[in-house]
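Novice: My questions all concern the structure below.
Laboratory data are not the source of any read-out in this text; all were calculated from the coordinates shown. Every value quoted in this text rests on a predicted model; they were computed, and no experiment measured them. Glycine also receives a Cβ, built like all others from the backbone with ideal geometry; neighbour counts cover every protein chain displayed.
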Amino acid sequence: MSLATRLALGRNFIGWLLPALVIAGWELASRVGIMPANVLPAPSAVAEAFWRLTLSGELVRNIGVSTARALAGFAIGGSIGFALGLANGLSTLSRGLTDTTLQMIRNIPHLALIPLVILWFGIDEEAKLFLVALGVFFPIYVNTLLGIQSVDPQLVEMGRVYGMDRRALFLRVILPGALPSIFVGLRYALGIMWLTLIVAETISASSGLGYMAMQAREFLLIDVVVLSILIYALLGKLADSLARLLERLSLGWHPAFQNG
Amino acid sequence: MPAASLTAIRSFVATPAPARPALPGRRAFAFKGAGKRFGDKIVLDGIDLDVQAGQFLAVIGKSGCGKSTLLRLLAGLDRPTAGALTFGAEEEGHSRTRFMFQEPRLLPWASVVRNVEVGLIGIAAGEEARQRALAMLGEVGLADRADEWPSLLSGGQKQRVALARALVGQPQILALDEPLGALDALTRIEMQQLLERIWLAQKFTAVLVTHDVAEAVALADRVVVIGEGRIALDLDVPVERPRRRGSVELARIEGKILDRLFG
């Protein structure tokens, strides 16, 4: 193993040091009785709940349902946001037509729409998809637009002078130039995606992780409640890591990604 | 000029290394009473400039005199508001005008060789484009950096990549807008020598806008001084190549130009 890979592994490991310490301290506090089990169950109890629910198949099913919802909502909201961001970045007409409206809608917290959404869709799938899509839409839209607007006009002029048509100009200059900003939007949107889904599932759902947590609350199964929260944290981290990997693969040219 | 003799000249162009001046009498481009106004401001006025193919022309002037506008007209980035600009016959397999900017303007997300391939858009594609780009990179001495990102290159190397990009399409006219202005003095002299060497080999018409009189005199066959939107001085530099920097002859011409600029 080369020194560089060992250092890279060390760097990855160091990020997990603090969570591991917190869990160890938490277990200790529970064992000696500082932390009563009806406030916060010991990590071992949560691990037990994890095992129990995994065996019953409940956990896998609920994670599957939640992930499918999250991704579907993300795909819908993200693609609309990306398309509108591109359109408004490339065409002043489109921007003039829609940007003011979008900025007004952006200032409404999308979770404030929950009562309305429940009235419209009940607690069906549409309600969750709608909220996630709406939450994801704006970070993607805003950052795509910003990315395109911040492409170096000198490079665009160079492209024109060297005979690029509109298609080549878009694919070779504008899109790659906007990509770093688009990735910022993507990572931000992934955070919003989980947040929205948790809230939506907690309020109105008949399956999924949020539903599982609410059910557990009804029956005072506090270990399951804590387990759901931890799983949300892990899923959020997983999504972010995937986005970072994608970022590293496609932004290899960027000086920020050349040393690590 | 009859078409037959034009073809004759073309085949002559393709053969390597004839002595300069290679193409007597053939015109690269001509401004006739050309002017450019932005609103009420007259930037260029009544420019008459007839340039022979293969000539190395330097355009000097104080900042804001209109010399960059002249170059933008030549490259088709702007249109004259008065008079006319005509070009000589277009040759097959050559791009007409290439522009080299003050900044390298390389695409940071494309490798060095892909950046040079930009100069072949509409001329060559795929493996042929890559081979030509690699050959041109060899000319500017950067063949070993072909697959690196531009951000890893120094300022002078970036400008060499930009030169390769400009020349890979074998332009008939190369327009240079102070491309060496931001380089340090030694790199600059190196780049001037490189530019002269490639110009001697490829025989394009070069139009170099610069504020450096010594650079103009060292490189150009002909120096044009622009003042207040008009041609204030049009001077041949009849000095043999290779030229020795700091020679008495060059210094005398340089002095003459400086006198006109500040006299």
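Novice: DSSP beta bridges in chain B, what fraction antiparallel, as a percent rounded to 5?
Specialist: Of those bridges, close to 50 percent are antiparallel.
Novice: Can you give the net charge of the other residues whose Cβ lies under 14 Å from the Cβ of A:Asn88, counting K and R as +1 and D and E as -1?
Specialist: Numbers: positive: A:Arg95, A:Arg106; negative: A:Asp99.
The answer is +1.
Novice: Please sort by residue number the GluC sites (Glu not before Pro) in the stretch A:95-163 whose DSSP state is loop and whose Cβ has at most 12 other Cβ atoms within 10 Å.
Specialist: In loop regions of the stretch A:95-163 (DSSP not H, G, I, E or B), there are no sparsely surrounded GluC sites (Glu not before Pro).
Novice: Calculate how steeply helix B:126-139 sits against the longest principal axis of the alpha-carbon atoms of chain B, using the helix alpha-carbon long axis, and give the answer as 0 to 90 degrees to the nearest 10.
Specialist: Rounded to the nearest ten degrees, it is 60.
Novice: What is the dipole size for chain A, taken about its Cα centre, with +1 at each Lys and Arg Cβ and -1 at each Asp and Glu Cβ, in debye to the nearest 20?
Specialist: In debye, rounded to 20, chain A gives about 620.
Novice: Using Cα springs under 10 Å in a Gaussian network model of chain A, which residue among A:Leu84, A:Leu116, A:Leu235 shows the largest mean-square fluctuation?
Specialist: Evaluated over chain A, the most mobile residue of the options is A:Leu116.
Novice: Next question, about the same structure. Per Stokes-Einstein, at 25 °C and 0.890 mPa s, what whole-number D in µm² s⁻¹ belongs to the protein assembly as shown, with the Kirkwood radius over Cα pairs as the hydrodynamic radius?
Specialist: Estimated diffusion coefficient is 87 µm²/s.
Novice: Rank A:Ala233, A:Met158, A:Ser250 by how far each Cα sits towards the positive end of the charge dipole of chain A (+1 on Lys, Arg Cβ; -1 on Asp, Glu Cβ) and give me just the farthest.
Specialist: A:Met158
Novice: Quick check: net charge around B:Phe204, other residues with Cβ under 11 Å of its Cβ, Lys/Arg +1 and Asp/Glu -1?
Specialist: +2
Novice: For a test of the definition: using alpha carbon positions, the gyration tensor, and the 1.5 limit on a/c, classify chain B as rounded, prolate or oblate.
Specialist: Rounded is the answer for chain B, as its axis ratio a/c remains below 1.5.
Novice: So what's the net charge close to A:Glu27: Lys and Arg +1, Asp and Glu -1, counting the other residues with Cβ under 14 Å from its Cβ?
Specialist: -1
Novice: Determine the shielding of peptide A:161-168 by partner chains: average, over its residues, the number of Cβ atoms on other chains within 10 angstrom of each Cβ. All intermediate terms of the calculation are to be shown ahead of the outcome.
Specialist: Numbers: counts 12, 12, 9, 3, 2, 0, 0, 3.
Shielding by partners across A:161-168 averages 5.
Novice: Shifting gears a bit: Specify the inter-centroid distance of the stretch B:53-83 and the stretch B:88-152, based on alpha-carbon positions, in whole Å.
Specialist: Distance between centres, Cα-based: 24 Å.
Novice: Sticking with this structure for a sec: What is chain A by shape, rounded, prolate or oblate, if you read a ≥ b ≥ c off the alpha carbon gyration tensor as root eigenvalues and call it rounded for a/c under 1.5, prolate for a/b larger than b/c, and oblate otherwise?
Specialist: Working: a/c = 3.08, a/b = 1.50, b/c = 2.05.
Verdict is oblate for chain A.
Novice: Going down the list B:Lys32/B:Lys67; B:Lys62/B:Lys203; B:Lys62/B:Lys256, which pairs span over 21 Å between their C-alpha atoms?
Specialist: Table pairs above 21 Å Cα-Cα are B:Lys62/B:Lys203.
Novice: Same structure again: May I ask you to work out the translational diffusion coefficient for the stretch B:205-257 at 37 °C, viscosity 0.692 mPa s, via Stokes-Einstein with Rh from the Kirkwood sum over Cα pairs, reported in whole µm²/s?
Specialist: Result for D is 285 µm²/s.
Novice: Work out the charge dipole of the protein assembly as shown with +1 on the Cβ of Lys and Arg and -1 on the Cβ of Asp and Glu about the Cα centre, then indicate which of A:Leu131, A:Ala87, A:Ile192 is farthest towards its positive end.
Specialist: A:Ala87
Novice: To the nearest 0.05, how large is the calculated FRET efficiency for B:Gln131 and B:Arg96 if R₀ is 22 Å and r is the Cβ-Cβ distance? Don't jump to the answer; show the numbers that get you there.
Specialist: On the way: r = 23 Å, r/R0 = 1.04.
About 0.45, to the nearest 0.05.
Novice: Could you give the distance between the Cα centres of the stretch B:173-241 and the stretch A:171-221, to the whole Å?
Specialist: So the two Cα centres are separated by 59 Å.
Novice: Most fluctuating residue of B:Ala185, B:Ala162, B:Ala214 in a GNM of chain B with Cα springs under 10 Å: which is it?
Specialist: Greatest mean-square fluctuation among the candidates belongs to B:Ala185.
Novice: Another question, then. Within 10 Å of each Cβ in peptide A:251-258, how many partner chain Cβ atoms are there on average? Round it to a whole number, please.
Specialist: 3
Novice: Loop only per DSSP, at most 11 neighbouring Cβ atoms within 10 Å: give me the GluC sites (Glu not before Pro) in the stretch A:25-105, ordered by residue number.
Specialist: Within the stretch A:25-105, no GluC sites (Glu not before Pro) qualify (loop, at most 11 other Cβ atoms within 10 Å).
Novice: Summarise the partner chain shielding of B:35-44 as one whole number: the mean count of Cβ atoms from other chains within 10 Å of each residue's Cβ.
Specialist: 0
Novice: Give the lysines whose C-alpha is closer than 26 Å to that of A:Lys237, dropping any in the same chain fewer than 8 places away, or say none.
Specialist: Partners within reach: A:Lys128.
Novice: Please sort by residue number the GluC sites (Glu not before Pro) in the stretch B:230-263 whose DSSP state is loop and whose Cβ has at most 15 other Cβ atoms within 10 Å.
Specialist: B:Glu240
Novice: Turning to a different aspect of this structure: Compute the long axis of helix A:92-106 from its Cα atoms, compare it with the longest principal axis of the Cα atoms of chain A, and write down the angle in degrees, 0 to 90, nearest 10.
Specialist: So the helix axis and the longest Cα principal axis differ by about 20 degrees.
Novice: How large is the charge dipole for the protein assembly as shown, taken about the Cα centre, if only the Cβ atoms of Lys, Arg (+1) and Asp, Glu (-1) carry charge, to the nearest 20 debye? It would help to have the intermediate numbers written out before the result.
Specialist: On the way: 52 positive and 46 negative charges, 148 e Å.
Around 720 debye, computed over the protein assembly as shown.
Novice: Treating the beta-carbon of each Lys and Arg as +1 and of each Asp and Glu as -1, no other charges, what is the dipole magnitude of chain B about its Cα centre, to the nearest 20 debye?
Specialist: 260
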